[in-house]
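Heads up, the thing below is written out as structure tokens.
The values are calculated or read from the model by the stated rules, or taken from the named source; none is laboratory data. Note that the coordinates shown come from a computational prediction; the quantities given were computed from them, not determined experimentally. Please note: Cβ atoms are built from the backbone with ideal geometry, for glycine as well, and neighbour counts cover all protein chains shown.
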Amino acid sequence: MKTKKVAFLGLSIALAMILSFVESQIPALVAIPGIKVGLPNLVMVFLLYKVGWKETVIVSIIRVALVSMLFGNVQTMAFSIAGAVLSLTGMILLKKLELFSCIAVSVVGGVLHNVGQIAMACLVTQTIGVATYLPVLLISGTVAGVVIGLIGGMLVKRLDKFKF
Amino acid sequence: MKKRDLILIVAILAIGLLSWGALELAKEEGAYVVVTVAGEEVARYSLAEDGEYELNGGTNILKIENGEAYMVWANCPTLGKTRCTHQGKISRTTEKITCRINKLVVTVYGAEDPDVELIG
């Protein structure tokens, strides 16, 4: 790995962590847990298109681990990892298909993040009824995914000359 | 945005809206809240009686007021929006408050729900 790339991935992790924190400070609009913009996903979408899927996975996992250690605990880490792994897997596969643009990739990432967290919540609480949150989260995840996908697409286009 | 993108997005939105609508229509006036920890029922309170209850040995405090239940305190460190104290008031069947860190779920049941036997 080139020094420039290492430095850039380090910056990406830092940015994703800041975005995680910024997002946690946005007050909840509706009383449904899990509704969020998914700001850190902006970094992941960008890396996925600009650098590569392996680097994206590394940055995402390190971000989840660091954010959980700073602001959460072991249990919150399990939830974040469930969401991140499912979301990344979906985005990477969808991108490999080359059928969709980064907007759909980001939407699937957002929605799968919610699905992963709800699945984890069902498992932990041993209550299948927790899945009743899912319909609203599908909608919010899609809207958030479109926003992140649009911004991500613009970034990829505008930073065209950067090579990592 | 490609046409395929739009189809996928509309499809996910449609699934979400339809299932959301179906869930909302199925809701009825609630009578009881049942508290479960890791799937095991630990307590049951009537929505008709106002009160404040310590749940799960003090990890959460649930308040019932004017036929609505809400979480007033929890010991978990979860950041921001997923906290159970931010999940609002519940009063209709199937509505719930989830405290995933303490594995605790508070669910509203109606009076005629078959699996709710009146205790006491």
Quiz prompt | Where A:S87 falls short, out of the listed (1) over 30 Å from A:R158 (Cα atoms); (2) in contact (Cβ under 8 Å) with a residue 24 or more places away in the chain | solution = (1)
Practice problem: Those residues that are at pLDDT 90 or above and among the polar types (S, T, N, Q), I need them from region A:5-42; list them, please. | Solution: A:S12, A:S20, A:N41
Exercise. Taking the residues in region A:6-24 that are of a type in the set (S, T, Y) and within 21 Å of A:G141 (Cβ to Cβ) as candidates, determine which candidate is surrounded by the fewest Cβ atoms within 10 Å (Cβ to Cβ).
Key: A:S24
Self-check item: Complete set of residues in region B:82-109 that are within 10 Å of the chain's Cα centre (by Cα), polar (S, T, N, Q) and more than 7 Å from chain A (Cβ to nearest Cβ)
Solution: B:S91, B:T93
Exercise. Find the helices (runs of 4 or more DSSP H) located wholly in region A:25-111 whose residues include 2 or more that are within 12 Å of another protein chain (Cβ to nearest Cβ) and either surrounded by fewer than 22 Cβ atoms within 10 Å (Cβ to Cβ) or β-branched (V, I, T) (or both), and list them.
Key: A:53-71, A:74-97
Quiz item: Name the residues in region B:28-42 that are closer than 24 Å to A:L123 by Cα and surrounded by fewer than 17 Cβ atoms within 10 Å (Cβ to Cβ), would you?
Solution: B:A38, B:G39, B:E40, B:E41, B:V42
Quiz item: Across region B:99-109, what is the total count of residues that are closer than 18 Å to B:Y45 by Cα and at pLDDT below 90?
Solution: 1
